[in-house]
Amino acid sequence: MVAPSPTSMMLRTKKTKAVGIPTIDLSMERSQLSELVVKACEEYGFFKVVNHCVPKEVISRLEEEGTEFFSKTSFEKHQAGTSTPFGYGCKNIGPNGDMGDLEYLLLHTNPNSISERSKTIAKDHPIKFSCIINDYVEAVKELTCEILELAAEGLWVPDKSSLSNIIQDVHSDSLLRINHYPPVKKSNDNWDPSKLQNNTIGFGEHSDPQILTILRSNNVGGLQISTQHGLWLPVPPDPNEFYVMVGDALQVLTNGRFVSVRHRVLTNTTKPRMSMMYFAAPPLNWWISPLSKMVTAHNPSLYKPFTWAQYKQAAYALRLGDTRLDQFMRIQKQEASNIENASHST
Ligand SMILES: C=C1C[C@]23C[C@@]1(O)CC[C@H]2[C@@]12CCC[C@@](C)(C(=O)O1)[C@H]2[C@@H]3C(=O)O
Ligand SMILES: O=C(O)CCC(=O)C(=O)O
Ligand SMILES: [Fe+2]
């Protein structure tokens, strides 16, 4: 019998649905919702939410600020301060030589930090700028907590706030990033249309280290997620809705039941992409280890406990695409495969 090729399988409507990105309608009934959230976090570590409670104006005001900032001259943008750790970055991602075809603003979500940064980012209207950022952060934090509570309910964790409490702490290390991917340039004299076919790496493949990432973009695509089978799925842009990504810390908290999603951005359009990510994180001194409900005799803890500061330090010592969780596994991957091989040979 000839097995169907992946392409022919994907052409069938039902199979196409099976590989589609889950969409979760937050207006649905709660018990059904919590099941869907768990399923999406297990299968993809990624889903879209619709009917969320973030007001449209909160989103559009941040988008306007982003557009205004990125349209400044390179000199003015650099005056916002370099992105090490917070401020304006151009092409360089992180401290270890990673590059992408983008520029960005990276901010800590602590209101004092936002107020300080606003003085250099939006010199002529710092108070307005801080208010817009704070309003956005508050609204997406609420959405994040709602999703984390649904996840806890769906996992039958006795305290449904056990995940949302982690990011609600006043000392939370959550970040906000606004990415701007320039369009492919068309110069009048020697514009090469074939360039449009070549994808440029906007942001290389990686997983986010935090608990959950809440992503919103303008109407320009480019984001792709990797399925657990290694297939890259393009994510259709939707300016009115949010995408949710499971980060490494949530993978640990659920003892590997949820997977942190690997994703990347490839750009090839004539329009600029702008995206805004809220990275929901614990306080630096917070210990991260699987929730007790997720550990049983048959399902022992896969990870050694670590603080968020230790994990961040490890992440920042590595390259963007590295898998950082390996060094926090109780049994290293190699050891596990040795045990597996030994059990087969006896
Ligand atoms: C290369 C890097 C950039 C990054 C820090 C790191 O060393 C590895 C993780 C990267 C990432 C991905 C998600 C958002 C981000 C702010 C984070 O916390 O981890 C970035 C870091 C960055 O851009 O500085
Ligand atoms: O810009 C995007 O759409 C995604 C960027 C991203 O993955 C990140 O900043 O961690
Ligand atoms: Fe990311």
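The values are calculated or read from the model by the stated rules, or taken from the named source; none is laboratory data. Predicted model, so just to flag it, every value in this text is computed and none were measured. Note that each Cβ is placed from the backbone with ideal geometry, even for glycine, and that neighbours are counted across all protein chains shown.
Are any of the residues in the stretch 271-281 more than 12 Å from ligand 1 (Cβ to nearest atom), at pLDDT 95 or above and in contact with a Cys (Cβ under 6 Å, 6 or more places away or on another chain)?
Checked the stretch 271-281: no residue is more than 12 Å from ligand 1 (Cβ to nearest atom), at pLDDT 95 or above and in contact with a Cys (Cβ under 6 Å, 6 or more places away or on another chain).
Collect the residues in the stretch 103-117 that are in contact with a Lys or Arg (Cβ under 9 Å, 6 or more places away or on another chain) and either in a strand (DSSP E or B) or surrounded by fewer than 21 Cβ atoms within 10 Å (Cβ to Cβ) (or both), keeping them in residue-number order.
Glu103, Tyr104, Leu105, Leu106, Leu107, His108
Which of the residues belonging to the stretch 215-234 are touching a residue at least 60 places away in the same chain (Cβ under 8 Å), over 16 Å from His180 (Cα atoms) and away from ligand 1 (no atom under 16 Å from the Cβ)?
Scanning the stretch 215-234 gives Thr227, Gln228, Leu231, Leu233.
Of all residues in the stretch 141-176, how many are over 14 Å from Pro283 (Cα atoms) and either in contact with a Gly (Cβ under 9 Å, 6 or more places away or on another chain) or within 16 Å of ligand 2 (Cβ to nearest atom) (or both)?
So the answer is 2.
Filtering the stretch 128-175 down to residues that are part of a helix (DSSP H, G or I) and of a type in the set (Lys, Arg), which residue is surrounded by the fewest Cβ atoms within 10 Å (Cβ to Cβ)?
Looking at residues that are part of a helix (DSSP H, G or I) and of a type in the set (Lys, Arg), I get Lys128.
When you check Lys48 against the structure, is it closer than 30 Å to Gly20 by Cβ, modelled with pLDDT of 95 or more and not β-branched (Val, Ile, Thr), yes or no?
The answer is yes for Lys48.
Across the stretch 252-273, which residue is farthest from ligand 2 (Cβ to nearest atom) among those that are under 13 Å from the mean Cα position of the chain (by Cα) and not in a loop (DSSP other than H, G, I, E, B)?
So, considering only residues that are under 13 Å from the mean Cα position of the chain (by Cα) and not in a loop (DSSP other than H, G, I, E, B), the one farthest from ligand 2 (Cβ to nearest atom) is Arg264.
Could you grab the pairs with beta carbons closer than 9 Å, sequence gap of 6+ or different chains, first residue in the stretch 301-316 and free of Cβ contacts under 8 Å to residues at least 40 places away in the same chain, second one among the charged types (D, E, K, R) and buried (at least 19 other Cβ atoms within 10 Å of the Cβ)?
Here the result reads Ala309/Asp173; Ala314/Arg324, each pair linking the stretch 301-316 to a residue that is among the charged types (D, E, K, R) and buried (at least 19 other Cβ atoms within 10 Å of the Cβ).
If you scan the stretch 231-251, which residues turn out to be part of a loop (DSSP other than H, G, I, E, B) and within 30 Å of Pro300 (Cβ to Cβ)?
Within the stretch 231-251, Gly247 is the sole residue that qualifies.
Between Val220, Val235, which is over 25 Å from Tyr88 (Cβ atoms), at pLDDT 95 or above, hydrophobic (A, V, I, L, M, F, W, C) and in contact with a strand residue (DSSP E or B) (Cβ under 9 Å, 6 or more places away or on another chain)?
Answer to the selection: Val235.
Return the residues of the stretch 206-230 that are away from ligand 3 (no atom under 12 Å from the Cβ), in contact with a helix residue (DSSP H, G or I) (Cβ under 8 Å, 6 or more places away or on another chain) and part of a loop (DSSP other than H, G, I, E, B); say none if nothing qualifies.
Listed by number, the residues that qualify are Ile211, Asn218, Gln228.
Out of the stretch 84-114, which residues are more than 10 Å from ligand 1 (Cβ to nearest atom) and of a type in the set (S, T, N, Q)?
Across the stretch 84-114, the qualifying residues are Thr109, Asn110, Asn112, Ser113.
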